[in-house]
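A.B. asks: Quick one: structure below, then a few questions.
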Amino acid sequence: MKILANDGISKSGINALEAAGFEVITTKVAQEQVANYVNEHQIDVVLVRSATKIRKDIIDACPSIKIIGRGGVGMDNIDVDYAREKGIKVINTPGASSASVAELVFAHLFSGVRFLHDSNRNMPLEGDSNFNGLKKAYAAGTELRGKTLGIVGFGRIGQQVAKLAIGLGMKVLATDAFIEKATITLDFFDGKTLDFEVTTVPFDEVITQSDFITFHVPALGGYLINEAEFAKMKKGVGIINAARGGVINEVALTKAIDDEIVAFAGLDVFEDEPTPAVQVLMNTQISLTPHIGAATLEAQDRIGTELAEQIIAILK
């Protein structure tokens, strides 16, 4: 049986699949050529991440496909229900990248409260000629400890974010339409653990009372955060989006920054990928990464291994 890992797969995943007798193809096939390639090579399993889309047209055109796998959490690039109606198994790895995304959230938070994103732009340009001026410009940093972190979406990633926040001494306010409470377990280096129970609260409470807000929800088909929501937030709030582009209205975000409602933002996802809006990219109060939330070596290793285990269990 043949597996096309069109957006790549870790070496550990390849090794596990090959040991089970599968042929793994890692050739990158352009979106418009996926159906032709699958049919020409009689591919049984198509694995994707966020780049490749597996829609109804490909599903209809490729009768050889038995499994569609998504390396990661969200499956909005796959017509999941339609595939399952056609008898195709659709799998993903919802827990494999949670820790990596959560750490990136805090990379953006630390960058924002200490102006690292802007300092790293200006120090190479002015560090030798305006050192004291830059020192004064970045001297009003704040600490995360003791502040309130609002978490919108309290699934696996949201709970991993809460774990880091609690470890830093932050207060956590979480909201989720489907989760009433969750137990957050902190694991320490010496084997000790400590449990915290977090009960979710209404959405409005999170956006009005939080010092920083981070989003961990799927694509919603519309904005969750628009001008009306920004108007309710604390002045000087920090906003992080490492979930999906389109959750936040980026025009409203830049206006909220101009109006000094939002002190800084950290964005790993954008409304228009792979061509984010220039006004977002050039805003000196936005920390930017190119959709790399799950892109750690550890997460990719876990993703590849989990996909391999699921494929082997289904097909063997």
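A.B. asks: Give the stretch 165-187 a look and list any residue that's polar (S, T, N, Q) and farther than 11 Å from residue 151 by Cβ, or say none.
C.D. replies: Of everything in the stretch 165-187, those that are polar (S, T, N, Q) and farther than 11 Å from residue 151 by Cβ turn out to be 183, 185.
A.B. asks: Is there any pair linking a residue in the stretch 189-207 that is at negative phi to one that is of a type in the set (Asp, Glu) and open to solvent by 80 Å² or more (accessible area, probe 1.4 Å), with Cβ under 9 Å and at least six apart or on different chains, and which?
C.D. replies: As it stands, the answer is 193/187; 194/187; 199/180; 200/180, since those pairs meet every condition given.
A.B. asks: Is there a residue being among the charged types (D, E, K, R) and without any contact (Cβ under 8 Å) to a residue 60 or more places away in the chain anywhere in the stretch 288-304?
C.D. replies: No, because not a single residue in the stretch 288-304 is among the charged types (D, E, K, R) and without any contact (Cβ under 8 Å) to a residue 60 or more places away in the chain.
A.B. asks: Oh, and also: Take the residues of the stretch 237-286 that are closer than 23 Å to residue 147 by Cβ, assigned to a loop (DSSP other than H, G, I, E, B) and of a type outside the set (A, V, I, L, M, F, W, C): which is least open to solvent (accessible area, probe 1.4 Å)?
C.D. replies: Restricting to residues being closer than 23 Å to residue 147 by Cβ, assigned to a loop (DSSP other than H, G, I, E, B) and of a type outside the set (A, V, I, L, M, F, W, C), the top hit is 268.
A.B. asks: Of the numbered conditions (1) assigned to a loop (DSSP other than H, G, I, E, B); (2) touching a strand residue (DSSP E or B) at 6+ places or on another chain (Cβ under 8 Å); (3) hydroxyl-bearing (Ser, Thr, Tyr), residue 50 fails exactly one; give the number of that condition.
C.D. replies: Going through the list (1) assigned to a loop (DSSP other than H, G, I, E, B); (2) touching a strand residue (DSSP E or B) at 6+ places or on another chain (Cβ under 8 Å); (3) hydroxyl-bearing (Ser, Thr, Tyr), residue 50 breaks only (2).
A.B. asks: While we're looking at this one, here's another question. Quick one: what pairs do we get from the stretch 258-277, first residue at positive phi, second open to solvent by 90 Å² or more (accessible area, probe 1.4 Å), C-beta under 8 Å, 6+ apart or different chains?
C.D. replies: Once the first residue is at positive phi and sits in the stretch 258-277, its partners that are open to solvent by 90 Å² or more (accessible area, probe 1.4 Å) give 260/235.
Conditions (1) open to solvent by 50 Å² or more (accessible area, probe 1.4 Å); (2) of a type in the set (Val, Ile, Thr); (3) under 25 Å from residue 308 (Cβ atoms); (4) modelled with pLDDT of 95 or more, marked per residue:
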site	(1), (2), (3), (4)
90	no, yes, yes, yes
100	no, no, yes, yes
105	no, yes, no, yes
112	no, no, no, yes
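A.B. asks: A further question follows. Hey, does the stretch 161-176 have a residue that's in contact with a Pro (Cβ under 8 Å, 6 or more places away or on another chain) and not aromatic (Phe, Trp, Tyr)?
C.D. replies: Looking for residues that are in contact with a Pro (Cβ under 8 Å, 6 or more places away or on another chain) and not aromatic (Phe, Trp, Tyr), one finds at least one in the stretch 161-176, hence yes.
A.B. asks: Out of (1) within 20 Å of the chain's Cα centre (by Cα); (2) closer than 19 Å to residue 310 by Cα; (3) open to solvent by less than 40 Å² (accessible area, probe 1.4 Å), the odd one out for residue 83 is which?
C.D. replies: (1)
A.B. asks: Related question: Exactly one condition in (1) farther than 21 Å from residue 303 by Cβ; (2) not in a helix (DSSP H, G or I) is not met by residue 91; state its number.
C.D. replies: (1)
A.B. asks: Further question: Given the conditions (1) touching a residue at least 40 places away in the same chain (Cβ under 8 Å); (2) open to solvent by 40 Å² or more (accessible area, probe 1.4 Å); (3) outside any helix (DSSP H, G or I); (4) not polar (S, T, N, Q), and given that residue 314 satisfies all but one, which numbered condition is not satisfied?
C.D. replies: Failed condition: (3).
A.B. asks: Just to be sure before I move on: is residue 289 buried (at least 16 other Cβ atoms within 10 Å of the Cβ), among the polar types (S, T, N, Q), closer than 22 Å to residue 107 by Cβ and under 19 Å from the mean Cα position of the chain (by Cα) in the structure I sent?
C.D. replies: Yes.
A.B. asks: Note down all Cβ pairs under 7 Å where the first residue falls in the stretch 122-143 and is open to solvent by less than 70 Å² (accessible area, probe 1.4 Å), the second is outside any helix (DSSP H, G or I) and not charged (D, E, K, R), and they're at least six residues apart or on different chains.
C.D. replies: Between residues of the stretch 122-143 that are open to solvent by less than 70 Å² (accessible area, probe 1.4 Å) and residues that are outside any helix (DSSP H, G or I) and not charged (D, E, K, R), the close pairs are 134/127; 138/115; 141/115.
A.B. asks: Across the stretch 1-26, what is the number of residues that are in a strand (DSSP E or B) and under 16 Å from residue 93 (Cα atoms)?
C.D. replies: 1
The values are calculated or read from the model by the stated rules, or taken from the named source; none is laboratory data. Just so it is clear, the structure is predicted and the values come from calculations on it, not from any experiment. Because the Cβ atoms are built from the backbone with ideal geometry, glycine has one as well, and the counts that use them run over all protein chains shown. Calculation scope for accessible area: heavy atoms of the full protein, side chains included, ligands and nucleic acids excluded. Shrake-Rupley method; radii C 1.70, N 1.55, O 1.52, S 1.80 Å.
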